[in-house]
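Beneath this line is the structure, given in structure tokens, with notes to follow.
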Amino acid sequence: MKMKQGIQLYTVRQLIQTAEDTEKTFAYIKNFGCDVVQISGIGDIAPEKVKELVEQFGFDVCVTHKPFDRMVNDLDALIEEHRMIGCDTIGIGSMPGEYRDDPEKVLAFARLAGEIGEKMAKKGCHLAYHNHDFEFRPLADGRTTMQILLENTDPSLFGLIPDVAWLQIAGVDPCAFLRDNQARIKVVHMKDYCFEGEKRRFIEFGKGLMDFPAVYQTCSDCGIPYAVYEQDSDWSDNALASCAYSYRKMLETAAAID
């Protein structure tokens, strides 16, 4: 299976806050050949309008990031909004702060997320979790947040959206993590970074420290369906130009391993 390449729209979040700006941004992304997106960071735009724009540009919405409180309190409406845009995977961008740093609280989150994932599955949707680096720091009992999540959730009900840069920053081998958890993964975030002195910067795909040929080979070996570029800060030029450049480099990297 050939992995599809796309753009994580959180990268251009400042340009998708209104329907008018979103239409212009979608047009730009479509114009450089991309037809896969992750919808995250979008403004308060009516779901019907989002559906209209997704259909207008023929986008495959591979996943979203949505607030966890909506999953807890407004799940039916959230699922319906995803059906409208043809997306079957609802992502959590990060663990809410009230569940972090304590093993029992992390366990409570895992159990609640598992219940939500089961409800989603019954309606044809899937739950997925996006990591940063804090999930890999030891907690008071020596376990990590990620360890607790993986040990206390069903892979069919609690998926992952691995961010390869955050994995590497955390001291985790991205390729090993992808192989070990491939059953949970539909979408991988292809993020790159470098250091200027002691300051870490996120930069365009292929300009930093990530070994993307190895990552792509692993994704191909594991049959992971989607890769999306994300750069959430530190622009060298502008968000749209960075998307166009990085998307082209992603295609080149993917083609080199086919």
- For the range 32-101 and the range 155-229, what is the separation of their Cα centres, given in Å? 21
- Item | Extension gain from R201 to R179, taking 0.36 nm per residue of separation minus the Cα-Cα distance | 5.2 nm
- Query: If you line up the Cα atoms of the range 122-202 on their principal axes, what length do they span on each, largest first, in Å?
  - Reply: 49, 31, 20
- Message: Once you place label points 7 Å from the Cα toward the Cβ at R83 and R248, how far apart are they in nm?
- Response: 4.2
- Item | Binned Cα-Cα distances of the range 78-134, short to long, each 10 Å bin given as a whole percent | 22, 48, 24, 5
- Note on the structure: Binned at 5 Å from zero, the C-alpha pair distances of the range 1-109 give percents of 2, 11, 20, 24, 16, 11, 8, 5, 2, 0
- Message: Let me understand the range 4-257 better: what is its radius of gyration from the alpha carbons, and its Dmax, in angstrom?
- Response: 17.6, 51
- Got a sec? How would H189, H65 order by Cβ neighbour count within 10 Å, fewest to most? H65, H189
- FRET efficiency for A46 and S94 from the Cβ-Cβ distance with R0 = 25 Å, rounded to 0.05, comes out at 0.45
- Would you list, by chain and number, the aspartates and glutamates whose Cα falls below 16 Å from the Cα of K119, excluding same-chain residues fewer than 8 positions away? D69, D74, D76, E80, E81, D88, D154
- Query: Of all DSSP beta bridges in the range 4-257, what percent run antiparallel (nearest 5)?
  - Reply: 20
- Cα to Cα, under 28 Å, and not fewer than 8 places away if on the same chain: which lysines meet these conditions relative to K2? K30, K51, K66, K123, K186, K191, K207, K249
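Every read-out reported here was derived from the displayed coordinates using simple, explicitly stated rules and does not represent laboratory data. Note that the structure is predicted; figures quoted are calculated from it, not measured. Cβ atoms come from the backbone with ideal geometry, glycine included; neighbour counts cover every protein chain shown.
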